[in-house]
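Here is the structure we will look at, set down as structure tokens.
The values are calculated or read from the model by the stated rules, or taken from the named source; none is laboratory data. Please read all numbers here as calculations on a predicted model, not as lab measurements. When we count neighbours, we look across all protein chains shown, and the Cβ atoms used for this are built from the backbone with ideal geometry, even at glycine. When the accessible area is computed, the model is the full protein with side chains, heavy atoms only, and any ligands, DNA or RNA have been set aside. Shrake-Rupley method; radii C 1.70, N 1.55, O 1.52, S 1.80 Å.
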Amino acid sequence: MSSGISVGFIGAGMMASALMDGLISKNVVSGPESIICSDVWEPTLKKASDKGIRTTKQNDDVAKADNDVIILAVKPNIIADACKDIANTGKKDAVIVSIAAGITLKQLEAGLPGYRVVRVMPNTPCLVGEAASGFALGSLATSSDKELVETVFGAVGLALEVKENLLDAVTGLSGSGPAYVFQFIEALSDGGVRAGLPRAVATKLAAQMVKGAAQMVLETGTHPGQLKDGVTSPGGTTIAGVEALEKGGMRSTVISAVTAATKRSMQLGGVSADEITNKYNL
């Protein structure tokens, strides 16, 4: 069943395109004509137009349309101009959602006075409909806006609300996390090759194994440690492998990776080194 909402996009790049595809395929919108997007790049607009999506080169066309939500899917350095284009119309019906990294709710609300705004941190698996997104509501955003954001970003994966000061941690975990997992899959594949498997077979087995294990965590709700124990029989092959991982410091290294990425996200957001250490204990 379609929810019948209308969605506008300012910026129609890869992330926006993936969101549009998810909204259409999951029937969140009644059809592609319920989406309008703006971009300066003609090939990007043609790609959207070929799907039946309304397109324009003017941001204010998106702002003036009867949208339930407008998603700012442009680079951080363009956000201020996009906000001006919206504010100049004076139309405040839609909730404004930014997926631009590092742009705070305070900045959004300063550029869009009187507007309901939401900040979202998605990740690249959005491109295959398996995103893990965190979002924070602005001061004027409502419970209906929260449900709308969950619906829109739920079309391409999982969307969870957090306080804005935790979006740096979301960045360090799920925002940067795909790179960690890609590296893990590559290392698993290397291990398979070292043990004699052809590279293509090793990579496919490793990727499918990670996908299946993740699905078990999500579907069963069982603690990962308990699931791990279910695979490790006494004196068996798995516990030997787990021991090697523990000797190599895998657990502490992964924790350090998430912490380092979180700290870097804070630094890019202008948080001082003293505040990172003393307030956030990182």
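Annotation note: Cβ proximity below 7 Å between a residue of the stretch 100-129 that is at pLDDT 95 or above and part of a strand (DSSP E or B) and a residue that is among the acidic types (Asp, Glu) and open to solvent by less than 30 Å² (accessible area, probe 1.4 Å) (sequence gap 6+ or interchain) occurs for Val118/Asp145.
Restricting the search to the stretch 175-184, which residues are assigned to a helix (DSSP H, G or I), open to solvent by 30 Å² or more (accessible area, probe 1.4 Å) and in contact (Cβ under 8 Å) with a residue 12 or more places away in the chain? Scanning the stretch 175-184 gives Tyr180, Val181, Phe184. Residues of the stretch 44-69 that are open to solvent by 70 Å² or more (accessible area, probe 1.4 Å) and assigned to a helix (DSSP H, G or I): Lys46, Lys47, Lys64.
Of everything in the stretch 87-99 that is in a strand (DSSP E or B) and not small (Gly, Ala, Ser), the residue that is surrounded by the most Cβ atoms within 10 Å (Cβ to Cβ) is Ile96.
Quick one: in the stretch 230-239, of everything that is over 30 Å from Leu158 (Cα atoms) and touching a Ser or Thr at 6+ places or on another chain (Cβ under 9 Å), which residue is surrounded by the fewest Cβ atoms within 10 Å (Cβ to Cβ)? Before the answer, list the steps.
At the first step, the residues of the stretch 230-239 found to be over 30 Å from Leu158 (Cα atoms) are 233-239.
Restricting the remaining residues to those that are touching a Ser or Thr at 6+ places or on another chain (Cβ under 9 Å) gives 238-239.
Details: Thr238: 13, Ile239: 15.
Out of the qualifying residues, it is Thr238.
When residues of the stretch 207-229 are filtered for being over 27 Å from Ala101 (Cβ atoms), part of a helix (DSSP H, G or I) and open to solvent by 70 Å² or more (accessible area, probe 1.4 Å), how many remain? The total comes to 10.
Residues are listed down the side, and each one gets a yes or a no for (1) among the small types (Gly, Ala, Ser); (2) over 29 Å from Asp168 (Cα atoms); (3) modelled with pLDDT of 95 or more:
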position	(1), (2), (3)
Arg194	no, yes, yes
Val210	no, no, yes
Pro224	no, no, yes
Leu227	no, no, yes
Val231	no, yes, yes
Thr238	no, yes, yes
Met250	no, no, yes
Ala257	yes, no, yes
Asn281	no, no, no
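Within the set Ile24, Ile78, the sole residue that is touching a Pro at 6+ places or on another chain (Cβ under 6 Å), part of a helix (DSSP H, G or I) and more than 19 Å from Leu140 (Cα to Cα) turns out to be Ile24. Pairs meeting the criteria (first residue in the stretch 243-267 and within 26 Å of Thr232 (Cα to Cα), second residue polar (S, T, N, Q) and open to solvent by 70 Å² or more (accessible area, probe 1.4 Å), beta carbons under 7 Å, at least 6 apart or on different chains) are lacking. Scanning the stretch 22-43 for residues that are within 15 Å of the chain's Cα centre (by Cα) and open to solvent by 10 Å² or more (accessible area, probe 1.4 Å) returns no hits.
Filter the stretch 241-282 down to residues that are outside any helix (DSSP H, G or I) and exposed (fewer than 12 other Cβ atoms within 10 Å of the Cβ) and give me whichever is farthest from the chain's Cα centre (by Cα). Among those residues, the one meeting the criterion is Gly248.
Just give me the residues in the stretch 155-174 being under 19 Å from Lys26 (Cβ atoms) and open to solvent by 30 Å² or more (accessible area, probe 1.4 Å), in sequence order. Steps first, answer last, please.
So the first thing to find is which residues in the stretch 155-174 are under 19 Å from Lys26 (Cβ atoms), and the list is 155-160.
Answer for the stretch 155-174, where residues must be under 19 Å from Lys26 (Cβ atoms) and open to solvent by 30 Å² or more (accessible area, probe 1.4 Å): Leu158, Leu160.
Residues of the stretch 139-174 that are touching a residue at least 40 places away in the same chain (Cβ under 8 Å), part of a helix (DSSP H, G or I) and touching a strand residue (DSSP E or B) at 6+ places or on another chain (Cβ under 8 Å): Asp145, Leu148, Val149, Val152, Phe153, Glu164, Leu167, Val170, Thr171, Ser174.
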